[in-house]
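> The structure's right below; bear with me while I get my questions together.
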Amino acid sequence: MELFEAIHNRQSQGKVKQDPVPREAIEKLLDAAVQAPNHYKVRPWRFVVLTGDARNKLGDVMAASQRDRHPDYPQAAFDKTRGLPLRAPVLIAVGVDKPTEKKVLEIENVSAVSAACQNLLLAAHGLGLGAKWRTGEWARDAKVKEFLGFESDQHIVGFIYIGQPEFGMSPTQRPSYEDRVVWME
């Protein structure tokens, strides 16, 4: 597949089948992710791959955290939250290592991990999979971080949902770059 075609036509997940995604396919996605550039070659990415019942356990943690913060919410809100990790058969939480050397800047690690996420999304498209990158409050939630094995001050840059598309999807039309660039000569 031609690179520019993949970038412009990458499909976000949409609705996916709950059919399992072969482990070999997930491993290919992870291998593509870690090809991202990273300053000082510190490999700052951390991936937590959730399949099967692990997604239910994450949903339970999310609902419990929500209940702690908002005990007045109706039960339906907690049930909805509990189901969030079940939107796809594979969920990959992507975290960032904190710098351990003075010369390594946190923003460089975050940028490298974001590039790894983009590689993963493009690789999923190349394998015919649907993939969607989500963040939101759960990427900052202390209980979710603890469940996934991250420190409370460690960044989660996203949750990548992966599955077989249920039906053909059209690419998302995005605005042009033209209003976001300044040319200096």
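The values are calculated or read from the model by the stated rules, or taken from the named source; none is laboratory data. Bear in mind the structure is a predicted one, so any value in this text is a computation, not a measurement. A quick note on method: Cβ atoms are made from the backbone with ideal geometry, for glycine too, and the neighbour counts reach across all protein chains shown. Heads up: the accessible areas ignore ligands, DNA and RNA and are worked out on the full protein's heavy atoms, side chains in. Shrake-Rupley method; radii C 1.70, N 1.55, O 1.52, S 1.80 Å.
> Shape call for the range 75-185 from the C-alpha gyration tensor, a ≥ b ≥ c root eigenvalues: rounded (a/c under 1.5), prolate (a/b greater than b/c) or oblate?
oblate
> Keeping every protein chain in place, order S152, S65 by accessible area at 1.4 Å, biggest value first, i.e. largest first.
S152, S65
> Keeping every protein chain in place, order M184, M62 by accessible area at 1.4 Å, biggest value first, i.e. largest first.
So, going from the largest accessible area down, we get M184, M62.
> Name the long-range amide H neighbours of W45: under 5 Å, sequence gap of 5 or more, or other chain; modelled H, no Pro or chain starts.
D97
> Another question, if that's okay. Counting residues in the chain as N, plug N into 2.2 N^0.38 Å and put the Cα Rg over that result.
1.11
> A follow-up question, please. Give me D for the range 77-135 in µm² s⁻¹, whole number, from Stokes-Einstein with Rh from the Kirkwood sum over alpha-carbon pairs, 20 °C and 1.002 mPa s.
156
> For the chain, what is the mean residue ellipticity at 222 nm derived from helices alone (per DSSP H run of n ≥ 4: -39500 (n - 2.57); sum divided by total residues; nearest 500 deg cm²/dmol)?
The helix contribution divided over the chain gives -12000 deg cm²/dmol.
> Let me ask something else about it. Work out, step by step, the length gained on full extension between D153 and E137: first 0.36 nm times the residue separation, then minus their alpha carbon distance; give nm to one decimal.
Here the segment from D153 to E137 would lengthen by 4.3 nm.
> Straight-line reach from K17: which aspartates and glutamates fall under 20 Å, measuring Cα to Cα and dropping same-chain residues less than 8 apart?
Leaving aside aspartates and glutamates fewer than 8 places away in the same chain, those within reach of K17 are E27, D53, E166.
> Quick check: the distance between the Cα centres of the range 54-73 and the range 127-168, to the nearest angstrom?
16
> Still on this structure: Could you do me a favour and compute the accessible area per residue for the range 80-185, 1.4 Å probe, result in Å²?
58
> Over the range 38-97, what number does the Rg to Rh ratio reach, with both radii from the alpha-carbon atoms and Rh per Kirkwood?
Using only Cα positions, Rg/Rh for the range 38-97 is 1.15.
> Would you kindly state the longest site-free stretch of the chain, with sites defined as chymotrypsin sites (Phe, Trp or Tyr not before Pro) in a DSSP loop (not H, G, I, E, B) surrounded by at most 15 other Cβ atoms within 10 Å?
That gives 1-166 as the longest site-free run.
> In the range 82-114, which GluC sites (Glu not before Pro) fall in coil by DSSP and have 13 or fewer other Cβ atoms within 10 Å?
Here the GluC sites (Glu not before Pro) that fit, given the DSSP loop and packing criteria, are E101.
> On to the next question. How about K102: which lysines have a C-alpha closer than 18 Å to its C-alpha, ignoring those fewer than 8 places off in the same chain?
Once the sequence-local lysines are set aside, what remains near K102 is K41.
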